[in-house]
Amino acid sequence: MTTQVSCERRGSGSPIVLVHGLGSRWQCFEPILDRLAAEHEVIAVDLPGFGRTPPIAGVEPGARGYARWLTGWLDRIGIERPHVVGSSMGGGVALELGRAGIACAVTAFAPIGCYGRPGLWWVQGLLTALRAAGGATGPLVSAALDHPAGKAVLLSALFGRPGRVPADSARADVAALVAAASFVAARDSFGGYRLALGDDPGALRRIPVTVAWGTRDAVLTYPTQSRRARAVLPFARHVALRHCGHLPFNDDPAACAALVLQDQVRRRDLR
């Protein structure tokens with residue numbers, strides 16, 4: 001039996017594929033979807049074991065495993081050479097698809113792999129703690145998200161402007177984080193995924209690559225990890241998103257969408 005993959009498809013034109021991060025779901029891109037779909041076909045996908053896509057036998061959770069799975073899935077649905085946009089773990093997926101020559105452009109928002117050991121422990125521990133808190137105090141969290149002070153306390157680790165996140169969306173995000181069947185396996189894969197000097201960039205040097213980081217990112221911390229990304233990917237365009245957190249799409253949807261669309265222009269200019 002074929003597993004049903006949950007995704008959202010909007011618009012028409014050259015394809016843009018959106019890939020979420022650990023514990024997330026395709027809806028994290030909702031604030032920028034219509035801006036991108038005005039000019040392009042946009043496919044936002046729930047990775048296996050996240051959102052409404054169940055785990056799929058043989059798919060190894062993590063940046064490399066999900067990149068391999070997406071390569072086959074995109075081929076099956078008839079999507080060739082898409083522009084891949086990724087957030088956090090999805091940023092690592094996007095970079096791997098660019099390295100393999102599957103993507104025609106890559107826009108990576110705070111990609112994993114730029115941490116040292118302390119940063120690795122921090123991101124694994126923080127997201128695990130957020131997941132545990134959401135599961136243990138679900139009703140309290142749900143009620144608190146109706147109030148500005150509650151949003152500030154509960155969402156500030158992920159968003160630079162938590163007040164801009166709709167309460168119903170935040171509740172659904174917490175529920176998805178708690179329910180994510182592949183959370184533990186994907187989290188543990190971070191330990192074996194590092195972007196390092198000397199890595200073979202593959203096709204990444206031949207396509208537009210943007211790495212964007214929110215200056216208030218407290219998950220994959222901006223000061224150290226964005227600096228490492230600049231060193232490891234010197235050929236990429238590096239952008240600081242002021243006042244944005246780890247998930248910048250609610251914080252500044254116009255700036256995030258503009259970065260993606262600029263990479264489309266850069267791709268056309270390289271032809």
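Write down the percent of antiparallel bridges among all DSSP beta bridges whose residues are both part of the chain, to the nearest 5. Provide the component values of the computation, followed by the final result.
Details: 5 of 28 bridges.
Close to 20 percent.
What is the distance in Å between the Cα centres of the range 108-141 and the range 239-271?
Comparing the Cα centres of the range 108-141 and the range 239-271, I get a distance of 24 Å.
If amide hydrogens are placed 1.01 Å from N in the peptide plane, which non-local residues have theirs closer than 5 Å to the one on HIS238?
Here VAL211 satisfy the definition.
Tabulate in residue order the Karplus-calculated ³J(HN,Hα) for the range 101-109, using 6.51 cos²θ - 1.76 cosθ + 1.60 with θ = phi - 60°, rounded to whole Hz; enter x for Gly and Pro.
Result, rounded to whole Hz: x, 7, 8, 8, 7, 9, 10, 10, 9.
Kindly report the accessible area of the range 27-66 per residue (heavy atoms of protein chains, probe 1.4 Å, no ligands, DNA or RNA), in Å². Spell out each step's value before the answer.
Working: 1550 Å² over 40 residues.
Per residue, the range 27-66 has an accessible area of 39 Å².
Whole-Hz ³J(HN,Hα) for each residue in the range 22-28, computed from phi via Karplus 6.51 cos²θ - 1.76 cosθ + 1.60 with θ = phi - 60°, x for glycine and proline: what do you get?
Ordered by residue, 3J(HN,Hα) equals 4, x, 9, 7, 4, 5, 4 Hz.
How big is the range 81-232 on each of its three principal axes, counting only the C-alpha atoms and giving the largest first in Å?
Answer, in whole Å and largest first: 49, 30, 28 Å.
Relative to the longest principal axis of the C-alpha atoms of the chain, give the angle of the C-alpha long axis of helix 222-232, reported between 0 and 90° and rounded to the nearest 10°.
Once rounded, one gets 20 degrees.
When all alpha-carbon pairs of the range 161-221 are counted, what percent fall beyond 16 Å? Provide the component values of the computation, followed by the final result.
Details: 1313 of 1830 pairs.
Summing the P(r) tail past 16 Å for the range 161-221 gives 72 percent.
Enter the mean projected area of the convex hull around the alpha-carbon atoms of the range 70-128, in nm², rounded to one decimal. Don't skip to the answer; put the middle values down first.
On the way: hull surface 18.1 nm².
Result: 4.5 nm².
What's the whole-number percent of alpha carbon pairs in the range 34-142 lying beyond 23 angstrom?
Result: 38 percent of Cα pairs exceed 23 Å.
Could you tell me how many degrees, from 0 to 90 and to the nearest 10, lie between the Cα long axis of helix 167-179 and the main elongation axis, the longest principal axis, of the Cα atoms of the chain?
Once rounded, one gets 80 degrees.
Taking amide H positions as placed in the peptide plane 1.01 Å from N, state which residues far from ALA103 in sequence (5 or more) or on other chains have amide H under 5 Å from it.
Excluding prolines and chain starts, which carry no amide H, the hits are GLY98.
Once phi is turned into θ = phi - 60°, what whole-Hz ³J(HN,Hα) does the Karplus curve with 6.51, -1.76 and 1.60 give for every residue of the range 185-197, x standing for Gly and Pro?
Values, residue by residue: 5, 5, 4, 5, 5, 4, x, x, 10, 9, 8, 9, 4 Hz.
Do the sum for the chain: with -39,500 (n - 2.57) for every DSSP H run of n ≥ 4, divided by all residues, what is the mean residue ellipticity at 222 nm, to the nearest 500 deg cm²/dmol? Before the final figure, lay out the partial values.
Values: 11 runs with 121 residues, N = 271.
That calculation yields -13500 deg cm²/dmol at 222 nm.
Probe radius 1.4 Å, ligands and nucleic acids ignored: give me the carbon and sulfur share of the accessible area of the range 130-226 as a rounded percent. Mind showing how you got there, number by number?
On the way: 2740 of 4470 Å².
For the range 130-226, the apolar C and S fraction of the accessible surface comes to 61 percent.
Between helix 253-270 and the chain, what is the angle of the helix's C-alpha long axis to the longest principal axis, kept within 0 to 90° and rounded to the nearest 10?
10
In terms of modelled amide H atoms, which long-range or inter-chain residues lie less than 5 Å from the amide H of VAL85?
Hits under the 5 Å cutoff: VAL17, LEU18, VAL19, THR107.
Project the alpha carbons of the chain onto their principal axes and report the range along each, largest first, in whole Å.
That gives 53, 45, 36 Å along the principal axes, largest extent first.
The values are calculated or read from the model by the stated rules, or taken from the named source; none is laboratory data. Just so we're clear, the structure is a prediction, and the values are computed from it rather than from any experiment. Quick note on the areas: whole protein, heavy atoms, side chains included, nothing else; ligands and nucleic acids left out. Shrake-Rupley method; radii C 1.70, N 1.55, O 1.52, S 1.80 Å.
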